[in-house]
Amino acid sequence: MLELKNVSFGVDEDSQKIEIIHNISLTIPDEKLVVITGPNGGGKSTLARLIAGIIKPASGKIYLDGRDITGLSITERAKMGISFAFQQPVRFKGIQVIDLLRLARGGRLDAADACEYLSAVGLCARDYINREVNNSLSGGELKRIEIATVLARGTSLAVFDEPEAGIDLWSFQNLIEVFEGMRRNIKGSSIMIISHQERILNIADEVIVLKDGVLAAQGSREEVLPGLIGTASAVKGCRKSGAGKEEGEAC
């Protein structure tokens, strides 16, 4: 279980302190798929980076399974079981998909195991296992390979920052199916997704709404979504992605 207690974060801009996250306290429970949403500039991606350890809070504490991880680096948090998937996955020229999966696993990984992880994200293993993680792969393929590395690591908390960004509608549909599969098979771990997309919100166990750096709402999707989807205030400030052109966006 992940807990944030009174977490704040800001940046200096033009000799002024701008607070992006203000005194947030929340819990990401075990064995749940949690979606964090809200208007652009509300602090969603900043919150994800705080959890991953990419940046450190100005105040407050972050706990993983009761242990204070506030001062730990991204590497130390990764060793404890926190994975972070970027909006735009990194390409690695000269590194094959199976090599990337072995790095994620942190040990030996045979072809059969690699094929299992690739199949879990909807990729035909024989077509991808020896491919280089370079510009020959589409955005959707990269996203699914990145998710396969998260599965290979067996993390306790997987954080995905706007996974729908930059992918087409066909890839987006496949991405939804992958997340639905992960949700069905959660065992002792949690999934946190930063997203505007209604279809991702609809598979969430819990929804957290951030607005202007503060916690605006948190609860089950049945509790939160009726007051969120389809309202003018909800869609204000939303960003359209390739997937969002024909898909409803909550906020």
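Any read-out appearing in this document is the output of simple, stated calculations on the displayed coordinates, not a laboratory observation. Just so it is clear, the model here is predicted, and its values are computed rather than measured. Positions of Cβ are generated from backbone atoms using ideal geometry, with glycine treated the same way; all protein chains shown enter the neighbour counts.
Grab the other residues whose beta carbon is less than 13 angstrom from that of ASP113, score K and R as +1, D and E as -1, and report the net. Here the charged neighbours net out to +2. Restricting attention to region 1-143, the count of lysine pairs at 8 or more positions apart or across chains with alpha carbons under 17 Å apart stands at 6. Summarising the label geometry, the points placed 7 Å from Cα in the beta-carbon direction at ARG67 and ASP168 lie 4.4 nm from one another.
Using Cβ point charges alone (K and R +1, D and E -1), the dipole size of the chain about the Cα centre works out to roughly 460 debye. Bridges between two residues of the chain, per DSSP, are antiparallel at a rate of about 60%.
Over 30 Å apart: what share of the alpha carbon pairs of the chain falls there, rounded to a whole percent? Of all Cα-Cα pairs in the chain, 26 percent lie more than 30 Å apart.
In plain terms, if you count all Cα to Cα distances in region 1-109 and split them into 5 Å steps from zero, the share in each step is 2, 10, 17, 21, 18, 13, 9, 6, 2, 0, 0 percent. For the chain, with a Gaussian network of springs between Cα atoms less than 10 Å apart, report the residue from LYS44, LYS79, LYS56 with the top mean-square fluctuation. Sorting by GNM fluctuation, first place goes to LYS79. Mean-square fluctuations from a GNM of the chain, with a 10 angstrom spring cutoff on Cα atoms, peak among PHE92, PHE179, PHE160 at PHE92. How would you classify region 122-163 from its alpha-carbon gyration tensor, with a ≥ b ≥ c the square roots of the eigenvalues: rounded for a/c under 1.5, else prolate if a/b is greater than b/c, otherwise oblate? Oblate, since a/c reaches 1.5 and b/c is not below a/b.
The angle separating the long axis of helix 111-120 from the principal Cα axis of greatest extent in the chain is about 40 degrees. The mean sequence separation of alpha-carbon pairs under 8 Å and at least six residues apart, normalised by the residue count of region 2-245, gives a relative contact order of 28 percent.
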